[in-house]
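The structure appears right after this line, and notes come after that.
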Amino acid sequence: MKLFLASYRFGAHAPEFTTLTGGPGRVAVIANAADCWPAAARESAVLSEMRGLRELGYEPEELDLRQYDGRPDALATRLDAVSTVWIRGGNTFVLRSQLRFGKADEALVSRVRDGSLVYAGYSAGACIASPSLRGVEAADDPSDVTEHDLVWDGLGLVDLAFVPHFGSVLDDTDAGTSMVDRFERERVPYLTLTDEQVFVVDGVRAERL
């Protein structure tokens, strides 16, 4: 299993991303964490992700989960055509809800676990890799998702929680401190990530850089 989990984009470790993914190839960009944003802001976010990946030599293409609800075979075909998924930040709860539709979460996790797909993501894209999203509400608003669609379980790709943007200007509400306090109080294993740091899993290797 290969994971590249960051606080913001590639952090200070773009070469590590290139090494982990085996060099430039096709990448599916999942930007559904931004689905609650105005359309123009979401479009701008997608273009920004595409530009960053192209600068490293990759061939990015958006995989909009909203287009695959009830189409598991079509989703499977898209995932099998790429070597890496890149999941950008935004609202973690919106992203998790969208992943549940069409069982995209199951399709994604099975491929990551069997090693056929590299999972890369930052901020919300890193947080959903955890077993649970409890505590993330300090940073992201769960009410951006209807109560019926709200999911508190993470993907369970790792056994700890992440606190992204730790000490960053992007955390203007000091949500990171609130998350750390809760995880300490409830004895939840966690890892803080500054905007320069990443957490990498490559087989038996698992480390924060």
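The values are calculated or read from the model by the stated rules, or taken from the named source; none is laboratory data. Just so you know, these numbers come straight off a predicted model, no measurement behind them. Neighbour counts are summed over all protein chains in view; Cβ atoms, including those assigned to glycine, are modelled from backbone coordinates with ideal geometry. Side chains are part of the model used for accessible areas, which takes the heavy atoms of the whole protein and leaves out ligands, DNA and RNA. Shrake-Rupley method; radii C 1.70, N 1.55, O 1.52, S 1.80 Å.
Data for the structure
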item: Residues located in the stretch 22-51, provided they are open to solvent by 20 Å² or more (accessible area, probe 1.4 Å) and touching a residue at least 24 places away in the same chain (Cβ under 8 Å); result: GLY22, PRO24, ARG26, ASP35, CYS36, TRP37
item: Yes/no for PHE162 being out of contact with any Cys (no Cβ under 6 Å at 6 or more places or on another chain) and in contact (Cβ under 8 Å) with a residue 60 or more places away in the chain; result: no
item: Near pairs, Cβ below 8 angstrom, 6+ apart or cross-chain, from the stretch 180-201 (on the phi < 0 side of the Ramachandran plot and free of Cβ contacts under 8 Å to residues at least 40 places away in the same chain) to any residue that is in a strand (DSSP E or B) and of a type in the set (Lys, Arg); result: LEU191/ARG208
item: Hits in the stretch 6-16 - residues which are hydrophobic (A, V, I, L, M, F, W, C) and farther than 17 Å from ALA129 by Cα; result: ALA12, ALA14
item: Residue match in the stretch 43-66 (condition: within 18 Å of ARG78 (Cα to Cα), among the charged types (D, E, K, R) and assigned to a loop (DSSP other than H, G, I, E, B)); result: yes
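Each row is one residue, and each column tells you yes or no for (1) part of a loop (DSSP other than H, G, I, E, B); (2) at pLDDT 95 or above; (3) crowded, with 17+ Cβ neighbours inside 10 Å; (4) not charged (D, E, K, R).
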position: TRP86; (1), (2), (3), (4): no, yes, yes, yes
position: LEU95; (1), (2), (3), (4): no, yes, yes, yes
position: ALA107; (1), (2), (3), (4): no, yes, yes, yes
position: ARG111; (1), (2), (3), (4): no, yes, yes, no
position: GLY115; (1), (2), (3), (4): yes, yes, no, yes
position: ALA129; (1), (2), (3), (4): yes, yes, yes, yes
position: ASP149; (1), (2), (3), (4): yes, no, no, no
position: GLY156; (1), (2), (3), (4): yes, yes, no, yes
position: ASP159; (1), (2), (3), (4): yes, yes, no, no
